[in-house]
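**Student:** Mind having a look at this structure? Questions to follow.
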Amino acid sequence: MIAYVNNDDQQAFDELFARHHRRVFHLALRHLRNEDLAREIVQGTFYRVHRARKDFKLGSPFRPWVVTIALNLVRQH
């Protein structure tokens, strides 16, 4: 996350996505019971991660942050 936040490193973002997109997808699918909506939640979540990357507190765990973003989007549906 540090490389991504400090340098807008595309490879670092790709790694974060690879590590966490399945978790976000399954979380959304469990709540929404719709694969298309779950994919939209994944896309929206990582779009918001990108937009808010400078607000991420370095040294904090990434997983709870990304899950919170995803759950907020699920609630909006």
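Quick note: the coordinates plus some simple rules give every number you see, no bench work behind them. All values reported here derive from a predicted model rather than from experimental measurement. Neighbour counts are summed over all protein chains in view; Cβ atoms, including those assigned to glycine, are modelled from backbone coordinates with ideal geometry.
**Student:** Just from its helices, what would the mean residue ellipticity at 222 nm be for the chain, if runs of 4 or more DSSP H residues each count -39500 (n - 2.57) and the sum is divided by every residue, rounded to the nearest 500 deg cm²/dmol? Write out the running numbers ahead of the final one.
**Tutor:** Details: 4 runs with 61 residues, N = 77.
After summing the helix terms and dividing by residue count, I get -26000 deg cm²/dmol.
**Student:** Could you compute the FRET efficiency for Phe62 and Arg39, with r as their C-beta to C-beta distance and R0 at 30 Å, rounded to 0.05?
**Tutor:** Numbers: r = 21 Å, r/R0 = 0.69.
Calculated value: 0.90.
**Student:** Here's a follow-up. Between the helical axis of 10-32 and the dominant principal axis of the chain, each derived from Cα atoms, what acute angle in degrees is found, rounded to the nearest 10?
**Tutor:** The angle comes out near 20 degrees.
**Student:** Could you order peptides 35-45, 53-63 by the average number of other Cβ atoms within 10 Å of their residues, highest first?
**Tutor:** Working: 35-45: 17.6, 53-63: 10.5.
My ranking of the peptides, most packed first, is 35-45, 53-63.
**Student:** How large is the charge dipole for the chain, taken about the Cα centre, if only the Cβ atoms of Lys, Arg (+1) and Asp, Glu (-1) carry charge, to the nearest 20 debye? Please list the in-between numbers first.
**Tutor:** Working: 13 positive and 8 negative charges, 70 e Å.
Here the size comes out at about 340 debye.
**Student:** Could you compute how fast the chain diffuses translationally, taking Rh as the Kirkwood radius over C-alpha pairs and applying Stokes-Einstein at 4 °C with viscosity 1.567 mPa s? Give it in µm² per second.
**Tutor:** 103 µm²/s
**Student:** Output the 0 to 90 degree angle, nearest 10, between the alpha-carbon long axis of helix 62-76 and the longest principal axis computed from the alpha carbons of the chain.
**Tutor:** 40 degrees
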